[in-house]
Each structure stands twice: as structure tokens, then as C-alpha cells.
1. Can you go through B:38, B:43, B:26 and tell me which one is under 20 Å from residue A:35 (Cα atoms), over 11 Å from the mean Cα position of the chain (by Cα) and polar (S, T, N, Q)?
2. Going by the structure shown, is residue A:126 touching a residue at least 60 places away in the same chain (Cβ under 8 Å), under 22 Å from residue B:151 (Cβ atoms) and crowded, with 19+ Cβ neighbours inside 10 Å?
3. Quick one: which helices (runs of 4 or more DSSP H) lie wholly within region A:42-138 and hold at least 3 residues that are modelled with pLDDT under 90 and more than 7 Å from chain B (Cβ to nearest Cβ)?
4. List the number of the failed condition for residue B:141; all other conditions in (1) touching a Gly at 6+ places or on another chain (Cβ under 8 Å); (2) away from every other protein chain (no Cβ under 14 Å); (3) of a type in the set (Val, Ile, Thr) hold.
5. Which is under 24 Å from residue B:13 (Cβ atoms) and touching a Leu at 6+ places or on another chain (Cβ under 9 Å), of B:55, B:111?
6. Restricting to region A:22-45, name every residue that is in contact with a helix residue (DSSP H, G or I) (Cβ under 6 Å, 6 or more places away or on another chain) and surrounded by fewer than 22 Cβ atoms within 10 Å (Cβ to Cβ).
7. For region B:122-133, indicate whether the set of residues that are touching an Asp or Glu at 6+ places or on another chain (Cβ under 7 Å), under 28 Å from residue A:96 (Cα atoms) and at pLDDT 85 or above is non-empty.
Amino acid sequence: MRHHRVLRIISKLLIPFIMLFALYVQFHGDFGPGGGFQAGVIMASAFILYGLIFGLENARKVAPPAVVTKLVAAGVLIYAGTGYMGLFKGANFLDYGALSKDPVAGQHLGIMIIEFGVGTTVAAAMITIFFLFAGRDR
Amino acid sequence: MIITLIDIALLTFMGATALAILRLRSLFAVVMLSGIYSLLAASMFVALDAVDVAFTEAAVGAGISTVLMIAVLALTGERERAPSHTMWLPMAVVVLTGAALIYATFDMPAFGAANAPVNLHVAPRYLNESFAEVGLPNVVTSVLASYRGYDTLGEVTVIFTAAVAVMLLIGGRKGDDAGIKNEPADDAVDDADSDGNGDTA
């Protein structure tokens, strides 16, 4: 793809907006359609587009596989850890109402945190799977 | 009226795409058509007012899985071999199953009927109480993340497991360039090793 100038320039222009849209979907999922799953996939697609256009080596420099694989697990841990926070505060597992004095504010906070965990795991898992498939020789 | 026309048009396009996928032998065209099929399915979900599902279908089905399938195509051939057996037995099984499923829909309540069991069980409670209990305008997010938070934790664990399984299956060998480890010093030695075994050929 090194010689496709149009593809390179257009994707360079698009990638920041794809990432911004992913963040919007991530943090606006409480109010409109969207959430961690969709945001994670959109964020991953920004990295995958970069990898397709600028080569896998450059993409691995931007998103080092050692870091990305740890993020796959980190998202699940953020989610489960939020669940245990409820236990430590004396409520049920995954009862976010206990995270704040006001149960509704606690619910909102808990949902934000677990959606972030979902997004982290989904994005990292998709990037990892793409790296593995694309990096494999025939 | 206009919704019915849109539904009919979308279903026709989906049927045509499925038939084309069945008949084509070029796998690249099949991957592209399955992406189009996902996009049509996403449009169908929008017509059914399931915007969150449509969003996921468009992002995952039409986006990521198309890219992953193209990445897989780079590893396999570009053409499907002609089948060695006739299609009649599988065709009969598929037609019979489809006919049974269509027959089963005659007993189902009309789509969106207010007295359908699915709309009488927990749905009224979610719709009426969730804003006071969780405080989010998007009830889908309230159900997904709070009421059914345990299920969603399971779903995230499934995605985690999928990534781990792919790593173990195709990224686990040392010396494979696709390996998740990025240690240049080891790579040179291991590459020589795997060439000796004929692994990378």
C-alpha cells in the first residue's frame, strides 16, 4: 500500500475522527445508541485501518502487542473489579448503587466504568486477532 | 406502508445476496457480499427500531469480520473448489428446516404486540422503573450494564477467551513472525529454527 497516495492521505485524515467517534460512542452510550462493545470495535478499526495502509510493522509500533495483550485482560479485570467494589461496600456483586452515596449516581458511575472495561477488552481483542491473522505468512 | 415497502426491499436484497454467496466460487467476492449482507441486516434492525443491535451488526458484522475474513483470505486460496457431492440432500434438509421455522411463526404473536409474553414479563418494569433506579435515558444500556450486568461480564469474558484462543492457536509458536512476543534478538535465532522445520513455508 506504500504507493497509494490517496489511500494514505485520506486514511490519515480519517483516523483521528474514527477514534473521536469511538470515544463519543463509548461515553455517550448512556444517552444514545452505543456502548463499550461498539466503541471497542470502532476504536480497533482505526488501528486496523492504520495497519492495512501503513504496514503491520508501523501498526505494531503504535500499538505494541505486549501492551495490547495485557489490555485484553485489563478490561475484564476492570469490569470484575467494579463488581467486587460493590461487595467491599457491603452490597451485592456488581451492585453499582453502593459506589456512591446517591444510588442513582453510583449506578451511573459504575456503568461508565464497566463500559470502559468492555471497550478496552473488545478493542484490544480485535487488534490482537488482526495482528495475529495479518502477521501470519502464507 | 412505507415501512412495509422498506422491509420487502431489504428482504429481497438479503435473499439475492445470500443466493449470490451460494453460487459464487470467488472467495473474495463472497467476503464482500457477506459484508453487504451484514449491512442489510443492520438496516433491517434499524427498521425494527433496534438501533443498538443495528450499531453492533454494522460495526462487527460489516466492519471487523469483513477485514478479518480478508486477512484469512491472504492465508488461504482465493477460489472455492467445486463440491464433490450433489447439493440435493443438504438442500432438502435446509428447505424442510426453513419450512418448519416459518410454520412455527404462525403461532407467534404479532411483532410488537402489546399483549405478547415478552412485553408482559420484565419489560414493563425496566421501562417504568429504570429511570428512577439507574437514571439513564437509554434503557438498553441500563438493562445491559446494570440489570443484566452479570451476563455482560460473561460476554466480555467470552471475547477475552476468544482472543486468548486465537493467540494459542496461531500466535503461540516461538519464532513465528506473528508471535505476540516482539524480541528482535530471539527472533533471528527462532526464524532460522522454524525455517529448518519448514514451518513458515
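1. Working: B:38 fails: over 11 Å from the mean Cα position of the chain (by Cα); B:26 fails: under 20 Å from residue A:35 (Cα atoms).
Going through B:38, B:43, B:26 in turn, the sole match is B:43.
2. The answer is yes for residue A:126.
3. Values: elements: A:56-62, A:65-88, A:103-134.
Once the helices (runs of 4 or more DSSP H) in region A:42-138 are filtered for at least 3 residues that are modelled with pLDDT under 90 and more than 7 Å from chain B (Cβ to nearest Cβ), what remains is A:65-88, A:103-134.
4. Of everything listed in (1) touching a Gly at 6+ places or on another chain (Cβ under 8 Å); (2) away from every other protein chain (no Cβ under 14 Å); (3) of a type in the set (Val, Ile, Thr), residue B:141 misses just condition (2).
5. On the way: B:55 fails: touching a Leu at 6+ places or on another chain (Cβ under 9 Å).
Being under 24 Å from residue B:13 (Cβ atoms) and touching a Leu at 6+ places or on another chain (Cβ under 9 Å) holds for just one of B:55, B:111, which is B:111.
6. Our first condition is that a residue be in contact with a helix residue (DSSP H, G or I) (Cβ under 6 Å, 6 or more places away or on another chain); within region A:22-45, this holds for A:22, A:25-26, A:29-30, A:33-45.
Passing the criteria: A:30, A:33.
7. Residues of region B:122-133 that are touching an Asp or Glu at 6+ places or on another chain (Cβ under 7 Å), as a first pass: none.
Taking every residue of region B:122-133 in turn, none turns out to be touching an Asp or Glu at 6+ places or on another chain (Cβ under 7 Å), under 28 Å from residue A:96 (Cα atoms) and at pLDDT 85 or above.
Each row is one residue, and each column tells you yes or no for (1) among the aliphatic types (A, V, I, L, M); (2) surrounded by 16 or more Cβ atoms within 10 Å (Cβ to Cβ).
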| position | (1), (2) |
| --- | --- |
| B:4 | no, no |
| B:10 | yes, yes |
| B:15 | no, no |
| B:25 | no, no |
| B:32 | yes, yes |
| B:35 | no, yes |
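The values are calculated or read from the model by the stated rules, or taken from the named source; none is laboratory data. Note that the structure is a prediction, hence the values are computed from the model and not measured. When we count neighbours, we look across all protein chains shown, and the Cβ atoms used for this are built from the backbone with ideal geometry, even at glycine. Side chains are part of the model used for accessible areas, which takes the heavy atoms of the whole protein and leaves out ligands, DNA and RNA. Shrake-Rupley method; radii C 1.70, N 1.55, O 1.52, S 1.80 Å.
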